[in-house]
Every structure is written in C-alpha cells, then in structure tokens.
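Trainee: A single structure is presented below for examination.
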Amino acid sequence: MKRFLFPIFGLWLLLYGSFALVRPPLLDDADALHAEAAREMLLNHDWVTLHIDGVRYLAKAPLLYWSIATSFRIFGEHDWAARLPLALYSLALFFVIFALGRRLFGSAQAGFYTAVSLLTASGIFGFTRILLPDAILCLWLSLAIYFFWKSLEEPAPSLATAAGFAACCALAVLTKGLIGLGFPFAIVLVYLFFTRNLRHLLRWHPAIGALVFLVIAAPWHILAALRNPNVGSPTGPLPTQGNMHGFLWFYFMNEHFRRYMGQTIPHSSDSVPLLIFWLLLFVFIAPWFVFAIKALFHQHWGAALRREEIDQRQRVLLLLAIWAVAVMLFFSFSARQEYYVLPALPPLALLAGYWLAEDEIAPSCAGQRTAWVLFVVGVLAAIASALFAAHFKPLPVGTDVTSVVRDATRTHRLFFGHFFDLTLRALGAFRISFVITTAALLVGVSANLWFRLKDKARLANCFLIGTVTAFLIAAHLALNTLSPVLSSQILANAIKPEMDQDDVIIVNGRFEYASSLAFYLDRQVQILNGRSGGLWYGSFFPDAPKVFIENGQTNQLWSGNNRVFLWTPLDQVPQLPGQTFVIGRSGGKEILSNRPGSHGAEF
C-alpha cells in the first residue's frame, strides 16, 4: 500500500499542498467572498447565519465556511489558511477514490490510477484554486458510493454501511444543499432498478439511516430557520422594506428550485451552453477521459439495459456510467456553471483507472493506438505553444498586465472569462507557462509512445502523469500572472499603511467586485451604487448595516473631516467634490482618496 499511497500524497503535496496555498492572492468575487464570510463568522461568533460586510448571507450551506473559519482560528486569517481546508478535503477525496477503485475492481493498481487521474484532472485542480465547495461534494459522494457498494458485498447489509452512507449524504447536504442527498439516492435507485435489487433498500436499515441523516443535517437548518424568520407579511418573491421571506424560503425555494430554473432573485449567473457543458466533462479530465471511454466499451450495454443478469465487472461499469450520467443529465436541464461538472469526474477517473490497470497487466494494441493519437495531438499543441513562446515578447518588468488586456474592468459571470480578454500582446506575459507546456508535451507524449511500443505500460503512464502535472503547474503560473486583474490585494496593500481607525473605505459597485479588498483590509466597507448581487436580499433585513450609499452620501463623506479611500474601476470613476489623489492603481482598478498619500506600497 505504501508504494501507492506515498506517490498520491507526493503529487497532492506538489500540486495542492505547497505553492498553490500561497499563490495567487485571493481573487475577487466568490474566492475572497467566501473567505470573508468565514472571517466574519469568527468576528460575530455566529456559526449559524453567514454574514458578509455585516449583511446576512443566506444563500449557502455552511460546511465550507465552518472549515475555513476553523482554519482561521488555528492559523490566523491568512489566504493560505483559507485554502488549507479545501486542500485537505481534496487529499481525503484522492484517498477515498483510491479505496473505492481498489474495492470496485479488486486491484490496488486500479485504485492508484484512479486517484492519480482525479488528482491531475484540470477541473478538480482548477476549481480548488477558488474557494468553492464542489470538490468537497465529490468527497462525500464518492464515500457514499463506497459504503453502498460495501453493503452490496455483505451477506446482510450492516448498520455501519447504512450509517456511513447516511452520514455522507448529510455532510453533502451541509456542503452543497439538497443535491447532496439527491445525487447519491438517484444513483443508488437507478442502479438497483437495473440490477433488479430494489429490495436491498428495505434490508439496508432505512430507519437507522434516516435517523443518522437527520441528526447530522437537521440541527443547522432548524437553527438557521429560527434565527432568520420571515419579516413582516411577505406576499411575493420580491422583498420590500419590512416584508420579506426568511431562511426557509430563500435557501430552499430561491437558491435551490428557482436557481435550477435560472430564476434566482436577483438574477446572478449566466448558464453555460449545453454543448460546452458536456464538452467540459472531458476537458476537465483530459487526457484520462480517453481511457474512461475505452473502459465503457467493455460493458455489454444491451444486457444491462434489458435488466438481464450481468457479472460483477459489468455491474461496476454500470454503476459508474449511471453516476456520471445522473449528474450530467440533472444539470443539463438547469442553469449551469462550469464547476457543476465536478461530481461527474470521479466515475470517469474510476473508469480510466480500471482500464489503465488492466492494460498494464496485459498491454494491448488499443494502448498503442491511443499513444499515437496522444502523440499527434500533443506535438501539434506543443508546436502551437512554442510558437506563442517564441513570437510574443515578454512584457517589460513592472508592466501592469491590465494595460494589454481588453475590457479589463468588464465583469464576467462565467469563471475564467478574463482569459478571453487577452490580446495577442498579452500572451507575452505567459512565456514561462508556454515554455513549460511545450517541454512537457514534447517529452511526455514522445516517451509515452516509446514505452507503449515497447510494451512498458507503467513507464508510459508515468510520463503521461508527468506531462499533465507540468501542464497544471504552467496553468497555475498563468493564473498567478493574471491575478492583478482578478484580485484587489495589491490595492489593499497600497492603503493599509495609510489607514487609521476612523478612515472610510468605499467600493464603487457590487461588493463582490472588490471582495478581496475587504478581506485583506479586515474592515467593513461602504458600497456605492452596489445594492445588488449576493448582499441584495440580506440588505432588506431590519438589522442590515447602513453600508449601501448613493452619490450624495459619498460626496458628503468626501468633503468631511475623515479620510476616505474609494476603490473604483478606471472607467467608472464617479464625480467627486474637491481634490482627488491617486493612492494606487493596478489591474484596471484604482484607489482614490480625499487626502494625499504618504508611504503606500510600491507599484
């Protein structure tokens, strides 16, 4: 076991537990927004109702925020401390998926390749750069399937597997809401239907399972409902001052059912086109999806769909196919975000791990053909990457990358949208990433093909793993290069040495646009013309702080006795009375003040 678990841990430490914890800084929008919610959880000593900038934030389940707040309490309020819980959850996911692969296929080698496939999946790696709970959902879903399969192998399903499955469902609900219960139950029900074994549910201690689920999941929901009741007499979905729905309506109706239909109040996100959404399923686990598809060819689909008797290996493949399809079909009819794909990645990793382990034992012509395809695609990609690295000159030292990015202040409702703002000249800022990608592709796909032709599958797979690992490092470096556009940390550092306790911080626009500013300053901010987004609904509660201001109030503050710092996009600077001083400028944003700077950060 050591020869499998140590490499998994080493890869995790390289990609998730080292440089990725400290770079880039927390990004504006969801990343710093969730870190700020956890920080205020400690500040308010309230572990039930989330607050952001002092405003109630009822949209999310609490487990991610509990974890980050606990990390803050132990290590202090650092950006790496905010990322540490998600990194540890990811490590647990990789070990669980290793154990699940080992149990499903009876092979530690299959478990190892499964864990490595998921560990190097760009979807898991990319969306653990942002403080989102979806990788944690993958953990609970994978562990729930582990307990389910173990119960099928037992002569009589045990209480332990029933309690374990129910606990995983409850923790998934506390992580991501009702889909934490819906996904595992849907997968189990469909699988038992096709294998003619629905009576297993009656033998699997349903009363004990329900009790365990309620004991874990119910207390927070009950407390949140009691502490956030209806205000006044709400009659419709839209709140008015003094009349609004409480937690139960907003959390379940608005954030679950209305969000599924793309009708959230207020409307907060666009939907990824359906074709792109399905394409991302394969992109996010490239190149391992190729082997997953090959594994599916081993399934006798006609017999499975006719509900005929199939052997153990066929039942495993059926379960994994149901798992992936259930997730993708559910979101195909809803408002979609890119990261909604993540819960469908573990079954693809399991399928890939199964095929790679089988092929290592008996190398096949299919493996060689795949190596040729990967070689051709990899060489073409390497040539393109090399041309980018050679043609586009590096930007001069100290150049703000925003100066060569089009529409830098434009907001994006889809993740990674800023990469589409890059101009050709901006590609010079990513030369190091291009060089790493070029070298990794040329060496990796060539060695993979060479060793495949020599029937040395293990060495071929090792070089493929190394190629993907190097690419992820290059992608992380690119994200760090673009971080001035995506984060306000530099501007926070600019004004932190200047600030006194009575100074006023104003954000021009929605709080989400400058959420990292509030986190790094550890201060409540005033929000100019930004009563919208995630704080909009909570702003109607009677105890909401008076942080939402208009132009007239800003002008009064600007002309008053206190020093004022104004965060604003460069192209949205409001009209201000009196003299204006630029304290810092970075990433298409700037900090203005009604007093001159003295010893701010260097730029």
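Trainee: Looking only at residues that are in a helix (DSSP H, G or I) and in contact with a Leu (Cβ under 6 Å, 6 or more places away or on another chain) in the stretch 128-141, which one is most open to solvent (accessible area, probe 1.4 Å)?
Mentor: Within the stretch 128-141, the subset in a helix (DSSP H, G or I) is 134-141.
So of that shortlist, the ones also in contact with a Leu (Cβ under 6 Å, 6 or more places away or on another chain) come out as 134, 138-140.
On the way: 134: 5, 138: 1, 139: 7, 140: 32 Å².
Only one residue tops the list, namely 140.
Trainee: Filter the stretch 443-464 for residues that are β-branched (Val, Ile, Thr), out of contact with any Gly (no Cβ under 6 Å at 6 or more places or on another chain) and either open to solvent by less than 20 Å² (accessible area, probe 1.4 Å) or over 21 Å from residue 122 (Cβ atoms) (or both) and give the result.
Mentor: The answer is none; no residue qualifies.
Trainee: For the structure I just gave you, tell me whether residue 558 is surrounded by 19 or more Cβ atoms within 10 Å (Cβ to Cβ), modelled with pLDDT of 95 or more, touching a strand residue (DSSP E or B) at 6+ places or on another chain (Cβ under 9 Å) and closer than 15 Å to residue 506 by Cα.
Mentor: no
Trainee: Could you please find all residues in the stretch 333-379 being aliphatic (A, V, I, L, M), touching a residue at least 60 places away in the same chain (Cβ under 8 Å) and outside any helix (DSSP H, G or I)?
Mentor: Hit for the stretch 333-379 is 335, nothing else.
Trainee: Something else about it: Looking at 548, 540, can you tell me which residue is modelled with pLDDT of 90 or more and open to solvent by 40 Å² or more (accessible area, probe 1.4 Å)?
Mentor: Working: 540 fails: open to solvent by 40 Å² or more (accessible area, probe 1.4 Å).
That would be 548, the only listed residue that is modelled with pLDDT of 90 or more and open to solvent by 40 Å² or more (accessible area, probe 1.4 Å).
Trainee: Of a type in the set (Gly, Ala, Ser), surrounded by fewer than 20 Cβ atoms within 10 Å (Cβ to Cβ) and either modelled with pLDDT under 95 or within 18 Å of residue 15 (Cβ to Cβ) (or both): which single residue out of 90, 122 fits that description?
Mentor: Checking each option against the conditions leaves just 122.
Trainee: Something else now. In the stretch 515-532, how many are under 26 Å from residue 244 (Cβ atoms) and open to solvent by less than 10 Å² (accessible area, probe 1.4 Å)?
Mentor: Filtering the stretch 515-532 for residues under 26 Å from residue 244 (Cβ atoms) gives 515, 518, 524-532.
Among the residues that remain, those that are also open to solvent by less than 10 Å² (accessible area, probe 1.4 Å) are: 515, 518, 525, 527-528, 530.
Total satisfying the criteria: 6.
Trainee: Within the stretch 175-212, how many residues are open to solvent by 40 Å² or more (accessible area, probe 1.4 Å), touching a Leu at 6+ places or on another chain (Cβ under 6 Å) and without any contact (Cβ under 8 Å) to a residue 40 or more places away in the chain?
Mentor: 1
Trainee: Here's another thing I want to ask about it. How many of the residues making up the stretch 298-335 are in contact with a Pro (Cβ under 8 Å, 6 or more places away or on another chain) and closer than 15 Å to residue 278 by Cα?
Mentor: The qualifying residues number 4.
Trainee: Still on this structure, I have one more. Checking residue 467 against (1) surrounded by fewer than 17 Cβ atoms within 10 Å (Cβ to Cβ); (2) modelled with pLDDT of 95 or more, which single condition isn't satisfied?
Mentor: The single condition residue 467 does not satisfy is (1).
Trainee: Could you tell me which numbered condition residue 490 fails, if it satisfies all but one of (1) β-branched (Val, Ile, Thr); (2) open to solvent by 30 Å² or more (accessible area, probe 1.4 Å); (3) in a strand (DSSP E or B); (4) in contact (Cβ under 8 Å) with a residue 60 or more places away in the chain?
Mentor: (3)
Trainee: Same structure again: If only one of 372, 355 is under 30 Å from residue 189 (Cα atoms), more than 23 Å from the chain's Cα centre (by Cα) and modelled with pLDDT of 85 or more, which one is it?
Mentor: 355
Trainee: Just checking, how many residues over the stretch 182-198 are modelled with pLDDT of 95 or more and either of a type in the set (Lys, Arg) or touching a His at 6+ places or on another chain (Cβ under 7 Å) (or both)?
Mentor: 1
Trainee: Evaluate the stretch 562-573: report whether one residue or more is surrounded by 15 or more Cβ atoms within 10 Å (Cβ to Cβ), among the aliphatic types (A, V, I, L, M) and within 37 Å of the chain's Cα centre (by Cα).
Mentor: Yes, some residue in the stretch 562-573 is surrounded by 15 or more Cβ atoms within 10 Å (Cβ to Cβ), among the aliphatic types (A, V, I, L, M) and within 37 Å of the chain's Cα centre (by Cα).
Residue by residue, here is whether (1) more than 18 Å from the chain's Cα centre (by Cα); (2) within 18 Å of residue 487 (Cβ to Cβ) holds:
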position	(1), (2)
31	no, yes
51	yes, no
63	no, no
108	yes, no
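Trainee: For the stretch 241-285, name all the residues that are out of contact with any Ser or Thr (no Cβ under 9 Å at 6 or more places or on another chain), at pLDDT 90 or above and open to solvent by less than 40 Å² (accessible area, probe 1.4 Å).
Mentor: Result: 244, 245, 246, 250, 251, 256, 280, 281.
Trainee: Does residue 335 count as open to solvent by 10 Å² or more (accessible area, probe 1.4 Å), over 28 Å from residue 427 (Cβ atoms) and of a type in the set (A, V, I, L, M)?
Mentor: When the stated conditions are applied, residue 335 passes them.
The values are calculated or read from the model by the stated rules, or taken from the named source; none is laboratory data. Quick caveat, the model's predicted, so the values are computed rather than measured. All Cβ positions, glycine included, derive from the backbone under ideal geometry; neighbour counts span all protein chains shown. We work out accessible area using only protein heavy atoms, side chains counted, and drop any ligands, DNA or RNA first. Shrake-Rupley method; radii C 1.70, N 1.55, O 1.52, S 1.80 Å.
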